[in-house]
Amino acid sequence: MKILQFICSTGFYGAERWVLALSKHLPSTVESELVVTLEPGTEDLELVKQFHPIGKTHQVPMKSRFDLGAVDKLAQLIRQNNIDIIHTHGYKSDILGVMAARKAGIPCVVTPHGFENAADFKLRFFIWLGCQAMRFADKVVPLSRQLMKDVKRFKIAPEKLEYIQNGVDLSEVEAVRLTKTSGDAKQKNKLGLLVK
């Protein structure tokens, strides 16, 4: 099975780390690919760099911050790469991803990572649109009980909802611990040489 992780990334935050952790730890029978939108100011994304060892990455160019032309490009990418499921992360990717999935004839899974309390009217409108798009997904998978409650307000059909508790990729924590332990050992060795 081929899953396309889709996120309109602007940096390297919680949702991006979650996409990496999920993709790293999927069963070996599942192939994960990544697609990000290429918007003005989002070149050279850290997520794309870190995803390379996991799987294939794609970029969908957008003429503006919200370009509906991306739907056709995404649907074409889905067909060309024989994608079985698209998994969206974030309000913008939910809107574009649900539409592209319908166009390409594949299921769409949406994972909400939280809802901003934005002051900007335009941003609030896009968040609202993203919440409406969730109603047309095949599955909506919140990562916390609070998100599950929040999602229910948008009248998502109960059979579409599936709660999966947010996890933490301990391999990142372990890598930092090992680096620190190695650094401490080197420091002790240097101190030992100085004492002799």
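The values are calculated or read from the model by the stated rules, or taken from the named source; none is laboratory data. Just so we're clear, the structure is a prediction, and the values are computed from it rather than from any experiment. In this analysis, Cβ positions are derived from the backbone assuming ideal geometry, glycine residues included, and neighbour counts consider all displayed protein chains.
Looking only at the range 34-69, count how many residues are under 17 Å from the mean Cα position of the chain (by Cα) and part of a helix (DSSP H, G or I).
So the count comes out to 6.
Could you list all residues from the range 22-69 that are acidic (D, E) and within 17 Å of S9 (Cα to Cα)? Give the steps one after another, and end with the answer.
Initial filter on the range 22-69 (acidic (D, E)): 31, 33, 39, 43-44, 46, 67.
Residues satisfying the conditions are E33, E39, E43, D44, E46, D67.
To keep it simple, each residue is scored yes or no on (1) within 22 Å of V141 (Cα to Cα); (2) among the small types (G, A, S).
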{"site": "C8", "(1), (2)": "yes, no"}
{"site": "K24", "(1), (2)": "yes, no"}
{"site": "A70", "(1), (2)": "no, yes"}
{"site": "N82", "(1), (2)": "no, no"}
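Does any residue in the range 8-26 that is under 18 Å from G114 (Cα atoms) come within less than 6 Å, Cβ to Cβ, of a residue that is surrounded by fewer than 16 Cβ atoms within 10 Å (Cβ to Cβ) and modelled with pLDDT of 90 or more six or more places away or on a different chain, and which pairs are these?
That search, which allows pairs on different chains as well, returns F12/E46.
Which ones in the range 98-124 are outside any loop (DSSP other than H, G, I, E, B) and among the small types (G, A, S)?
At the first step, the residues of the range 98-124 found to be outside any loop (DSSP other than H, G, I, E, B) are 98-104, 108-111, 121-124.
Residues satisfying the conditions are A100, A101, A104.
Run down V19, V36, V60, V30 and say which single residue is assigned by TED's automatic domain parsing to the domain that holds K122, closer than 19 Å to R102 by Cβ and either crowded, with 19+ Cβ neighbours inside 10 Å or at pLDDT 95 or above (or both). Reasoning before the result, please.
Working: V19 fails: closer than 19 Å to R102 by Cβ; V36 fails: closer than 19 Å to R102 by Cβ; V30 fails: closer than 19 Å to R102 by Cβ.
Among V19, V36, V60, V30, only V60 is assigned by TED's automatic domain parsing to the domain that holds K122, closer than 19 Å to R102 by Cβ and either crowded, with 19+ Cβ neighbours inside 10 Å or at pLDDT 95 or above (or both).
Given (1) within 24 Å of L22 (Cα to Cα); (2) in a loop (DSSP other than H, G, I, E, B), where does L74 come up short, assuming only one miss?
The one condition L74 does not meet is (2).
Taking I95 as meeting all but one of (1) in contact with a helix residue (DSSP H, G or I) (Cβ under 6 Å, 6 or more places away or on another chain); (2) in a helix (DSSP H, G or I); (3) farther than 23 Å from I164 by Cβ, write down the number of the exception.
Here I95 clears every test but (3).
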